[in-house]
1. For the stretch 28-61: of the residues being over 18 Å from N104 (Cβ atoms) and of a type in the set (G, A, S), which is most open to solvent (accessible area, probe 1.4 Å)?
2. Considering each residue of the stretch 91-102, count those that are closer than 12 Å to E49 by Cα and open to solvent by less than 50 Å² (accessible area, probe 1.4 Å), and give that number.
3. Would you please name the residue that is farthest from the chain's Cα centre (by Cα), looking only at residues in the stretch 103-128 that are within 30 Å of L39 (Cβ to Cβ) and open to solvent by less than 60 Å² (accessible area, probe 1.4 Å)?
4. Report, by residue number, each residue of the stretch 149-176 that is among the hydroxyl-bearing types (S, T, Y) and surrounded by 12 or more Cβ atoms within 10 Å (Cβ to Cβ).
Amino acid sequence: LTKKYKNIEVTRAHFCDPDVSSLSFEGQYNTTTRKTFKLTYSNAQDDIELSIKSGNSEFAVSPAVINVDCGDYATKTITVSYTPNAIEADNEILVIKSEKDGWNKEIPISTTVSKRSQYIPWEMRDSVATVQPYTLAEVNPVSGLPITYEIDDESILTLDEDNRLVFLQVDTAVTIRATCPGNANYNDAEPVEHRIKIFKGLATLTLPTPEK
């Protein structure tokens, strides 16, 4: 028994499927967090555009455009970045669109935002010579918030208006404690405390340049 078929039309599957139905970010203030997902498409007829529906600049999508040739089949990795500039949640929508293909998919994005951590830099040695200048950092390099220093005995050591050490005694020791309180966007920095030994040191001798 033989059967013959005529006018058979063969078509390729036509779809655009992300492997996630939603995205969720646990962000920190002024810190970038990234999420990735896979986007598989088949028989695409036009470039695929990806964007945040509201245009919120705290989010970035890469790639923003997938260039395709007619009939392409591929899987692409999509990266969504989130850098919150305030301690408040953002609810957004990621749009995946191709006009000729009739694709207009939406992926909801939810976020939580917490305060950012900060630290106090301490580059000073545990012993210092009075003949060399030392200046302590005035602001936190992460937050820009002021750093406060407490000296346990200001008859030995103080700070001038530019945060330079002013030595009042030598051959002794003093404890310096640094703190940096947080604010609405940053947590308190962990306090730093050091015991500093002070010695006189040797003066620097500059020899004259020999005449030629």
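The values are calculated or read from the model by the stated rules, or taken from the named source; none is laboratory data. Just so we're clear, the structure is a prediction, and the values are computed from it rather than from any experiment. Cβ: placed from backbone, ideal geometry, glycine included. Neighbour counts: every protein chain shown. Only protein heavy atoms, including side chains, enter the accessible area calculation; ligands, DNA and RNA are left aside. Shrake-Rupley method; radii C 1.70, N 1.55, O 1.52, S 1.80 Å.
1. Selected residue: S57.
2. Residues that pass the stated criteria total 5.
3. W103
4. The answer is Y149, T158, T172, T175.
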